[in-house]
Amino acid sequence: MQAERYPTEIALLAGAAGGDPDAVRALIDSVGPVVYGFVFARVGGDEPTAQDLLQESLIEALRSAPTFRGDASLRTWVCAIARRRLARHYEAERRQAVAESGLALLGGIGLAGPPGTGGDELERRDEIVRALGRLPAVHRQVLVMKYLDDLPVSAIADELGRSPVQVQSLLQRARDGLRRALEGDPGA
C-alpha cells in the first residue's frame, strides 16, 4: 500500500514533510534503521545520543525536503544529514570538555585494538563500540572519520581545522587509547 501511495522517495519525503502521518511512518520505517545504525556506531554505542541524533536528522530532512532531488537514495541523503549532525555533536562535546576541564584539548585516539582472542565477531564489535564510548569525543571523532568513514588524513585535517601532522598524532594517541580501553585499562 505504501509503495502505491508513494511511488518515489521524493513523493514519500514530500508527503512526510506535508504532515501525512502514513508518509511519516513510511519514512521512519524506510530510513530510520539505517540512519540509526550509522549514528549508533559513531557515538560509541550511546543509545540515547544515537536516538537524539536520529530524531534531529529526520527533523532536518523534513525541513530540507524541498532540496531533495533524488540524485542519491533517501537513506544516503539522510545519512549525509546525520553526518553533519554528528560533526556538530562532536564539536559540542569538545567545547563542553574544554569548558569543564579548563584545559586545551590535546585529544587523540585510535581504532586498532588488540587482535581478537576468541568470541564471535559481533561480540568483538560490541566490545569496540563500548570502548569507543569510553574515549574522549575528539578521539572517537578522529577514529570514526578515519576507520568508519574511510577519510584520508588530509580530509580529516580540513574537517577539524588541524594540520595533517596533528591529525596523524591524534590518530596515534587515539589508537593507543582505544587499545588501552579494549585491554580494560580504567585510565584509558
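Considering Ser30, Ser64, the condition of being buried (at least 18 other Cβ atoms within 10 Å of the Cβ), hydroxyl-bearing (Ser, Thr, Tyr) and more than 27 Å from Val138 (Cα to Cα) is satisfied by Ser30 alone.
If you go through the range 1-41 and keep only what is under 20 Å from Val144 (Cβ atoms), at pLDDT below 90 and in contact with a helix residue (DSSP H, G or I) (Cβ under 6 Å, 6 or more places away or on another chain), you end up with nothing. Residues that are part of a helix (DSSP H, G or I) and of a type in the set (D, E, K, R) do not occur anywhere in the range 10-21. When Gly45 is tested against (1) farther than 26 Å from Ala87 by Cβ; (2) of a type in the set (Gly, Ala, Ser); (3) assigned to a loop (DSSP other than H, G, I, E, B), only condition (1) is not met. Taken over the range 130-188, the residue count meeting the criterion of being basic (Lys, Arg) and surrounded by fewer than 21 Cβ atoms within 10 Å (Cβ to Cβ) is 6.
For every residue, the table says whether it meets (1) modelled with pLDDT of 85 or more; (2) assigned to a loop (DSSP other than H, G, I, E, B); (3) under 24 Å from Ala41 (Cβ atoms).
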site	(1), (2), (3)
Ala72	yes, yes, yes
Leu86	yes, no, yes
Ala92	no, no, yes
Arg95	no, no, yes
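Scanning the range 8-24 turns up no residue that is loosely packed, with under 15 Cβ neighbours inside 10 Å, free of Cβ contacts under 8 Å to residues at least 24 places away in the same chain and under 18 Å from the mean Cα position of the chain (by Cα).
The values are calculated or read from the model by the stated rules, or taken from the named source; none is laboratory data. Fair warning: this is a prediction, and the values are worked out from it, not measured in the lab. We place every Cβ from the backbone using ideal geometry, glycine too, and count neighbours over all the protein chains shown.
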